[in-house]
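Below you'll find the structure, written out as structure tokens, and then a few comments.
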Amino acid sequence: MPENEGPQPLSGKVAVVTGAGRYRGIGRHIALALARDGADVVVTGSGRSAESFPPDEREIGWRDIDSVADEVKAIGRRALPLVADITNPEECDRLVNDARREFGRIDILVNNAAAGRGRDRVPLLDLEESEWRRVLDVNLNGTFLVTKAIGRVLIEQGKGGRIVNIGSVAGRQGLPNFGAYAVTKAGLVLFTQVLAAELAAHKINVNCVCPGLTDTYRMEDVTRPGPIRAAVMNTIPLRRPGEPEEVGELVAFLCGPGASYIHGQTINIDGGRLMM
């Protein structure tokens, strides 16, 4: 029996979620939230090698996007796991073709894929050009290329659609040592507004979600108990990190009928941090 028996406002819809293979990642929980609301899901990832998996994934025998696809199917929805390099336009076209061949349509795009934390978390004047380009290539160029490929499909289908870009509160305030990442996430805010203005006539809603500190694998150094966590919690009125499930539920809402008049917006989900 399907795991979900509740209302399914996205029944009959097909969603593409990029960067959705991490066990403790926002993308996985976006895919699952969309599936619980009735969508079939194309789950994409970069094709990580098993050797690169963090210990908790190795311990449970995690299989990246294949495991997420299995979870979507357990909910009772169809799933298609696809490895794709979103910085390559030919790969983006292949993603579109494979998705349409499997499901016949695409209704929703969630641009979640982002460059992993690396040697980019340093002062801008110490940042290597290669790291700057790496982060920009995935976070901005990749988002542009996937959106271009899928946006054309949404227009061609003539049935409207939803695009949700995953930004970050780091893109809304100048945090030291976050230069490349913050600049790309700030870029997604304006990318969202331009795209929303251009696609409104096609009834394609475009919005951006900016998570604050969220308890994912990428933020373990901050979320684990200790003085760093205590200091960060003092900047968050709700005094806790967000959960990836909470981001997933917000994205699913923005893709549903209850959000049909929300357009061109950037929504923070940060426990109140930015209001401080």
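The values are calculated or read from the model by the stated rules, or taken from the named source; none is laboratory data. Just so it is clear, the model here is predicted, and its values are computed rather than measured. Please note: Cβ atoms are built from the backbone with ideal geometry, for glycine as well, and neighbour counts cover all protein chains shown. Heads up: the accessible areas ignore ligands, DNA and RNA and are worked out on the full protein's heavy atoms, side chains in. Shrake-Rupley method; radii C 1.70, N 1.55, O 1.52, S 1.80 Å.
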| said: Viscosity 0.692 mPa s, temperature 37 °C: what is the translational diffusion coefficient of region 69-115 from Stokes-Einstein with a Kirkwood Rh over Cα pairs, rounded to a whole number of µm²/s? | reply: 274 µm²/s
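At 222 nm, what helix-only mean residue ellipticity would the chain give, in deg cm²/dmol to the nearest 500, using -39500 (n - 2.57) for each DSSP H run of four or more?
Details: 10 runs with 108 residues, N = 276.
Theoretical 222 nm ellipticity from helices: -12000 deg cm²/dmol.
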| message | If the only charges are +1 at each Lys and Arg Cβ and -1 at each Asp and Glu Cβ, what is the size of the charge dipole of the chain around the Cα centre, to the nearest 20 debye? | response | 520 debye
| field | Against the rule of thumb 2.2 N^0.38 Å, how large the Cα Rg of region 186-276 comes out | value | 1.27
| request: Could you work out the mean projected area of the convex hull around the alpha carbons of region 1-66, in square nanometres to one decimal? | output: 5.0 nm²
| field | Accessible area, probe 1.4 Å, largest first, for residues Ile228, Ile236 | value | Ile228, Ile236
| remark: Taking placed amide H atoms and a strict 5 Å upper bound, the residues 5 or more places from Ile269 or on another chain that come that close are Cys210, Gly212
| remark: The distance between the Cα centres of region 226-276 and region 96-161, in whole Å, is 21 Å
| field | Kirkwood hydrodynamic radius of region 49-200, from inverse mean 1/r over distinct Cα pairs, in Å | value | 17.3 Å
| What order do you get for 72-82, 141-151, 115-125, 197-207 when each peptide is scored by the mean count of other beta carbon atoms within 10 Å, highest first? | 141-151, 72-82, 197-207, 115-125
| Tell me, what is the percent relative contact order of the chain, built from C-alpha pairs under 8 Å that lie six or more residues apart? | 19 percent
| So what is the relative contact order of region 77-200, in percent, for Cα pairs below 8 Å that sit 6 or more residues apart? | 29 percent
| field | Whole-number percent relative contact order across region 1-93, with pairs defined as alpha carbons under 8 Å at least 6 apart | value | 32 percent
| task | Compute the long axis of helix 26-36 from its Cα atoms, compare it with the longest principal axis of the Cα atoms of the chain, and write down the angle in degrees, 0 to 90, nearest 10. | result | 30 degrees
| note | In the chain, taking the dipole from +1 charges on Lys and Arg beta carbons and -1 charges on Asp and Glu beta carbons about the Cα centre, the listed residue (Ala197, Ile150, Ser52) farthest towards the positive end is Ala197
| Where the accessible area of region 172-276 is counted over protein heavy atoms with a 1.4 Å probe, how much of it, in %, is carbon and sulfur? | 60 percent
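Can you pull the percent of Cα pairs in the chain with separation above 35 Å?
12 percent
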| request: Enter the accessible area per residue of region 90-155 (Å², integer; probe 1.4 Å; all protein chains in place). | output: 50 Å²
| field | Per-pair calculated FRET efficiency, R0 = 30 Å: Arg58 and Tyr261 via Cβ, rounded to 0.05 | value | 0.10
| Using a probe of 1.4 angstrom, how much of the accessible area of region 1-113 is carbon and sulfur, in percent? | 46 percent
